[in-house]
Amino acid sequence: MKKAFRLVSVLLIVALAVALFTGCSSSTSTPEKKAEKRVIKVGIGLNEQSPQYKGLQKFKEIVERESKGRIEVQLFANSQLGDDTKMMTALRAGTLEMTCPSTAPISGLDKKWMVFDLPFLFPNEEIADKVLDGPIGQKFLDSLSQNGIKGIAFWENGYRQLTNSVKEVKTPDDVKGLKIRTMENPVHLAAFRALGANPTPMPFGELFTSLQQRIIDGQENPVTTIYLQKFYEVQKYATLTNHFYSPFVLMFSKKIWDTLPKEDQDIILKAGKEAGLYQRKINREMMKESLANLEKTGMVVTKLTPEQQKAFMDATKDVATKFEAEIGKELIQEVKAEIAKYAK
Ligand code: KDG
């Protein structure tokens, strides 16, 4: 009897040990899925000094902090991963996580985006912020999903200014015959044709060399880019026309986005918006600094009088009408009404 009791006890202990062992080992594979380590690559066209890159450094800092180092953000400047169009194609294919083009090349995917490239659309940056961070901006970001892209946030490139190596430009007449590089966008081409220029679309990565080799006479970009990309070395004249706003759009590959756990999506979305506010702030500060620095380089920087500015607006005022069919007349009206609401 005693023997039988001992045997039962031993069997019980063995069974308990087996249960404990198997129980423990199964808990390592389920139910808690160990969060994966992840790398997010972000490519841009501008250099490491640009406010865009600084905004991305902030984005990296927030994402890596919030994910406790589980997500690593790698930044690639200077078109290392290709031009804006090529990077957007990579996002759609799921071979690159993120990029941040201007709205201009997005029109190659969806024509309605041309609305943000209409000449002299936003009267000031604060109004641009309100419209882009409001329901209209969100509608545009959401619509990118039709093209395999998750829109994260609007950032700022800045008002675009005209430079050239031929002559000082004060009136639309002075632009006549100049060969100007534009971004790849039909509205940009139409606006420069309306000014009598000979516009040539070209990726950003080819711009400096084309100016240097005098393949083109001029280009247009925000003052910060003109300064930080050293365009003053190959361009003598700058005119502060403020002709296009064309904001940046921080975007993610939808194919990859859809595989991310909600926790990671939330971290990225929040970081993109937060870093965007920082990016806009330093973009505006650096714009002022760059303007002062540009003048020190010996470049002739022409500030237009309100009348001169109006002449540029008048010369390009029919451009919006020309694109009503492609963008949608109602959409143009909706965006303009929203701007007018904040302009009061
Ligand atoms: O990183 C963004 C750049 O690739 C590009 O958008 C800069 O404004 C630009 C341009 O002129 O192409």
ask   = Long-range amide H contacts for G45: which residues qualify at under 5 Å (H placed 1.01 Å from N, peptide plane, sequence gap of 5 or more or a different chain)?
value = S79
ask   = Any idea how far the Cα center of the range 188-218 sits from the one of the range 282-309, in Å?
value = 20
inquiry  = Per-residue counts of other Cβ atoms within 10 Å, averaged by peptide: what ranking do you get for 333-343, 241-251, 147-157, 188-198, highest first?
reply    = 241-251, 147-157, 188-198, 333-343
remark   = Amide H neighbours of N198 at under 5 Å, excluding residues fewer than 5 places away on the same chain, with H built from the backbone geometry, are G177, L178, K179, I180
inquiry  = Please report the antiparallel percentage of DSSP beta bridges with both residues in the chain, rounded to the nearest 5.
reply    = 45
note = Amide H proximity to I149 below 5 Å, modelled H, separation 5+ or other chain, gives K254
query = Which of T85, A104, P119 sits closest to the plus end of the dipole of the chain, meaning its Cα is farthest towards the positive end, when Lys and Arg get +1 and Asp and Glu get -1 on the C-beta?
reply = T85
Listed residues G158, P51, P199: farthest to the positive end of the dipole of the range 37-343 (Cβ charges) = P51
remark   = Diffing the range 199-214: the Karplus 3J(HN,Hα) column from phi (6.51, -1.76, 1.60, θ = phi - 60°), in whole Hz with x for Gly and Pro, holds x, 10, x, 7, x, 4, x, 9, 5, 4, 4, 5, 6, 4, 7, 6
ask   = When you count, for each residue, the other Cβ atoms within 10 Å and take the mean per peptide, how do 80-88, 61-69, 216-224, 48-56 rank with the highest first?
value = 216-224, 48-56, 80-88, 61-69
ask   = When the chain is treated as a GNM, springs tying every alpha-carbon pair under 10 Å, which of P101, P172, P261 comes out with the largest mean-square fluctuation?
value = P261
ask   = Given G218, G276, P306, which one lies farthest toward the positive end of the charge dipole of the chain, if we put +1 on the Cβ of every Lys and Arg and -1 on the Cβ of every Asp and Glu?
value = G276
query = Counting other Cβ atoms within 10 Å, which trypsin sites (Lys or Arg not before Pro) in the range 198-246 have at most 14 and lie in a DSSP loop?
reply = R214, K230
note = Heads up, the range 267-344 by the C-alpha gyration tensor (a ≥ b ≥ c square roots of eigenvalues; a/c under 1.5 rounded, else a/b over b/c prolate, else oblate) looks oblate
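Rounded to the nearest 20 debye, what is the charge dipole size of the range 37-343 about its Cα centre when +1 sits on each Lys and Arg Cβ and -1 on each Asp and Glu Cβ?
Details: 43 positive and 40 negative charges, 66 e Å.
Computed about the Cα centre, the dipole is about 320 debye.
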request  = Could you work out which residue, out of Q308, Q57, Q229, moves most in a Gaussian network model of the chain, that is, has the largest mean-square fluctuation with Cα springs under 10 Å?
outcome  = Q308
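Show me 89-99, 322-332 ranked by packing, highest mean number of other Cβ atoms within 10 Å first. Display every interim value, and only then the final one.
Numbers: 89-99: 20.0, 322-332: 14.9.
The most tightly packed comes first, giving 89-99, 322-332.
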Summed side-chain charge close to P306 - residues other than P306 whose Cβ falls under 14 Å, Lys, Arg +1, Asp, Glu -1 = +1
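With Cβ to Cβ distances under 12 Å as the rule, what net charge do the other residues near S253 carry (K, R +1; D, E -1)?
+3
Bear in mind these aren't lab numbers, they're just calculated from the coordinates by the rules spelled out. The model shown is predicted, which means the values in this text are computed figures rather than measured ones. Cβ sites come from the backbone with ideal geometry, for glycine too, and all protein chains shown count toward neighbours.
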